Amino acid sequence: MTRDVRTGEAQTPPYAWGALASLCVFGLYLITLSPTTAMWDTSEYIAAAKVLGLPHPPGNPLFVLIAHAFGLIPIPVSYAARINILAALCSAIAAGSWFVLIDSVLARGGVAVLRRRICAAAGVVIGASAFTVWNQSVVNEKVYTISLALFAIITLLMLSWLDGDGRARNDAKLVAISFLLGAGYAVHPAGLLPGLAVIVTVASQRWRKFLHPRLVLAVFGAFALGLTPFIFEPIRAAQAPAMNEGAPTGCTTRLEWPCTFSAKTYTRLSDNINRTQYGKPSVTDRQISFGAQLGMWWLYFKWQWLRDPHGAAPLTQMFLAFLMFGLGIYGATVHWRWDRASCIYWATFMFTLTVLLVYYMNFKYGYSQAPGLGDSVPREVRDRDYFYLWSFSAWGVWVGVAIAAIWQRARTGGALLALAAIPLIGNWSAASRRNDTVARDWAVDILNSVEPYGVIVTGGDNDTFPLWYAQYVEGVRPDVTVIIDQYLQMDWFVEQLLRAPIHKYDAAAGPAMYRTGHWPVPAHAVFRMTAAQADSVPDIMELREPQLLKSGAIEGRIAAGYLERKDVFILRLITDALPERPVYFTMGSPYPKQFGLQRYILGEGLVQKLMPTPVSDSAGPTLDTRGTDALWRIYRGPAAIVRRGDWIDRPSLPTPVDYTLVGLNLSDALEHQGDSARARAVRNDAIAVIKAARMEDIFGMTKMP
């Protein structure tokens with residue numbers, strides 16, 4: 001119960017008002033919700049939910065189970081949109097919880113009921129419309145929104161525990177919190193982040209709780225119970241689901257169930273949970289200075305209140321950042337004066353979400369950080385602002401408290417309520433994903449560029465995960481085998497390729513150019529080797545002198561030096577898959593040049609096909625004008641990019657760049673063949689993509705007619 005210091009009356013926390021705040025924020029997110037998948041990890045997690053599979057380590061088993069169950073709810077939208085709604089709902093739950101927290105603090109400060117409701121609403125809007133929070137709440141790119149909801153529930157339980165009467169039923173809230181911490185870890189390791197705040201709060205307020213053996217045992221037991229979803233990983237992995245990253249099971253060559261749980265099962269499960277395959281350095285081995293890492297957080301903090309991707313209003317963005325930061329710090333001091341007990345919890349939690357998390361993550365320079373340093377410093381492949389969405393969401397609590405405190409001191413302080421409208425309006429176009437179907441359309445375009453039963457070698461998240469989504473969720477071209485070159489470094493991925501089922505090509509559902517013809521079903525896996533032979537391939541192989549690559553009429557050259565495991569498997573793919581399965585590479589793949597195969601590369605739309613005989617005497621790939629034109633006519637991506645508008649996420653620019661390159665090259669080829677009208681139409685399509693994605697600087701738009 002909250003006690004109003006003005007009246008001395010005990011008041012029930014405003015859960016109904018918090019629910020209303022959640023409903024309003026949920027409505028905002030639904031209006032701007034993505035209708036389908038998106039770039040980066042979105043497609044991977046949605047596909048994992050659909051097939052009840054295992055995404056990349058640590059596997060996030062509780063997320064998979066929750067999302068799979070949520071996806072079964074018959075909401076009349078696409079499957080992807082259902083999982084996106086789950087993300088929106090979780091963030092909305094957090095927003096309502098922050099409303100209750102702000103109101104509780106203001107009640108102890110003697111703020112009148114109406115005024116504290118208004119200020120709590122302002123704080124909620126500020127936190128909910130912060131760019132990263134909003135942008136991540138309208139599409140399920142990561143698992144972090146579920147973590148945010150769990151953090152919020154833990155916070156409400158801590159508030160209730162602090163207000164409790166000290167009886168056993170109040171101690172049960174600590175047991176529940178411990179269970180949620182364990183369950184949160186099964187969603188993502190970040191689930192433990194509130195733990196320090198809980199321990200510090202209990203120690204500072206009622207430290208004798210640590211001396212109650214029954215309570216301590218119950219707390220540890222509840223935590224262990226919360227971890228039990230990890231059992232899902234080896235059990236499901238042994239059943240060989242379509243997505244089985246990390247394959248944390250002792251079964252490798254056998255598909256039978258039950259599987260023997262052995263020491264190998266434990267080792268692989270442990271490695272999966274601890275993300276061993278990524279080889280991240282320890283926190284004591286700093287990748288860059290801690291000051292520079294704090295600078296990354298500050299860069300992303302500046303984004304929250306006005307996302308300015310093209311630097312149009314840097315001074316305004318900086319002013320808003322300092323204003324919001326200053327209000328937050330002032331709100332923290334007010335929180336300490338008005339409600340010290342809850343401030344101990346909240347301040348410790350905020351310290352964990354900012355300084356400690358920055359230290360623990362130990363990132364390189366952010367993709368957009370310190371652009372003047374260029375490539376002279378180690379950089380992350382993309383901006384990692386999503387790791388800090390929890391702190392940006394929670395920052396609105398202290399800003400809301402600060403607004404109320406200033407309003408108490410000065411009548412004009414109420415004008416600060418207008419701050420809530422700034423991120424809501426300023427971030428609308430940048431955070432909204434309501435018109436974004438590019439990732440889904442890109443995936444369909446890529447898959448439809450490949451001949452039936454083709455194998456396509458991809459190079460990363462955005463090359464791959466949307467393809468998985470299209471295949472596993474929407475059933476688009478499951479006959480195509482997708483190979484991620486980096487995953488060939490891991491034994492489990494090669495083993496999955498060896499035992500992957502062959503899906504019969506559905507000509508009626510395929511693109512027009514592949515609806516006729518004879519497409520025999522392959523009789524072999526993409527690699528003609530056993531699992532034992534695959535396991536024997538070393539991580540590094542030294543070539544003391546150049547080697548000749550020969551497969552049928554294909555002749556390439558392998559330079560002396562070192563081959564990685566993935567390189568060896570790409571070579572085996574060329575010799576083993578052809579001619580039974582056509583082999584393709586995504587645009588920008590290094591392998592045609594690395595193995596001296598440029599003469600055999602035929603550009604077909606967004607992909608490059610390895611031909612059995614030379615198609616050119618030049619060092620570069622040759623464009624199949626007729627086939628590419630046929631594909632360009634059915635591609636949905638260019639129109640989707642134009643419909644989406646500004647391309648905020650610059651690290652994923654290769655997607656619109658690839659479309660533009662294909663369009664411009666096709667236009668030149670058509671012009672050379674004398675089809676000026678068609679050339680002009682294709683060129684206009686490509687220019688529209690350039691303008692929509694704001695890529696004029698890349699393509700020298702000012703020099704173009």
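What follows is calculated from the coordinates using simple rules that are stated; it is not laboratory data. Small disclaimer: the values here were computed from a predicted structure and weren't measured. Positions of Cβ are backbone-derived with ideal geometry, glycine not excepted, and every protein chain shown enters the neighbour counts.
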*Seen from all sides and averaged, what is the projected area of the convex hull of the Cα atoms in the stretch 392-485, in nm²?*
8.7 nm²
*Would you mind calculating the relative contact order of the chain from Cα pairs under 8 angstrom and at least 6 residues apart, reporting the percent as a whole number?*
14 percent
*Across the stretch 16-32, in residue order, what do the Karplus-derived ³J(HN,Hα) couplings come to in whole Hz, using 6.51 cos²θ - 1.76 cosθ + 1.60 with θ = phi - 60° and x for Gly and Pro?*
5, 5, x, 5, 5, 4, 4, 5, 5, 5, 4, x, 4, 5, 5, 4, 10
*Measure nothing fancy, just the Cα-based angle from helix 314-338's long axis to the longest principal axis of the chain, in degrees from 0 to 90, nearest 10.*
40 degrees
*According to a simple spin-label model (label point 7 Å from Cα along Cα-to-Cβ), what is the distance in nm between residue 267 and residue 77?*
4.5 nm
*Could you grab the Rg to Rh ratio for the stretch 138-241? Cα atoms only, Kirkwood for Rh.*
1.05
*Quick one: what are the phi-derived ³J(HN,Hα) couplings along the stretch 422-437, Karplus 6.51/-1.76/1.60 with θ = phi - 60°, whole Hz, x for glycine and proline?*
5, x, 4, 7, x, 9, 4, 5, 6, 8, 5, 10, 5, 10, 9, 10
*Full extension from residue 315 to residue 543: what is 0.36 nm times the residue separation minus their Cα-Cα distance, to one decimal in nm?*
76.6 nm
_Can you work out the Karplus-derived ³J(HN,Hα) for every residue in the stretch 539-556? Use 6.51 cos²θ - 1.76 cosθ + 1.60 with θ = phi - 60°, whole Hz, and x for glycine or proline._
5, 9, 10, 8, 10, 6, 8, x, 10, 8, 9, 9, 9, x, 8, 7, 10, x
_If the reach is capped at under 27 angstrom between alpha carbons, list the lysines near residue 691, excluding any in the same chain fewer than eight residues apart._
302, 703
*Cα convex hull volume per residue for the chain (Å³)*: 180 Å³
*asked:* Quick check: from the Cα gyration tensor, does the stretch 87-185 come out rounded (a/c under 1.5), prolate or oblate?
replied: oblate
*Percent of alpha-carbon pairs separated by more than 30 Å within the stretch 8-430*: 45 percent
*Show the residues, 5+ positions off or on another chain, whose built amide H is closer than 5 Å to the amide H of residue 583.*
455, 610
_Just to confirm the number: angle between the C-alpha axis of helix 290-305 and the first principal axis of the chain, 0 to 90 degrees, nearest 10?_
80 degrees
*Using every Cα-Cα pair within the stretch 339-430, state what percent have a distance larger than 19 Å.*
60 percent
*Please say if the stretch 9-66 is rounded, prolate or oblate, where rounded means a/c under 1.5 for a ≥ b ≥ c the square roots of the C-alpha gyration tensor eigenvalues, and otherwise the choice is prolate for a/b larger than b/c and oblate otherwise?*
oblate
*Per-peptide average of other Cβ atoms within 10 Å, ordering 151-157, 668-674, 369-375 highest first*: 151-157, 668-674, 369-375
*asked:* As I understand it, the value is the acute angle between the Cα axis of helix 79-108 and the longest principal axis of the Cα atoms of the chain; what does it come to in degrees, rounded to 10?
replied: 20 degrees
*Unit charges at the beta carbon, dipole of the chain: most positive-side option, 313, 414, 605*: 414
*Over what distance in Å are the Cα centres of the stretch 183-197 and the stretch 644-704 separated?*
45 Å
*Using label points projected 7 Å from each Cα along Cα→Cβ, tell me how many nm separate residue 199 and residue 676, to one decimal.*
7.6 nm
*Mind checking the dipole of the chain: about its Cα centre, +1 per Lys or Arg Cβ, -1 per Asp or Glu Cβ, Debye to the nearest 20?*
2220 debye
_Segments 397-408, 491-502, 282-293 sorted - mean Cβ within 10 Å per residue, highest first_ = 397-408, 491-502, 282-293
_Helix-only mean residue ellipticity at 222 nm, the chain, DSSP H runs n ≥ 4 weighted -39,500 (n - 2.57), per residue, nearest 500. What is it?_
-16500 deg cm²/dmol
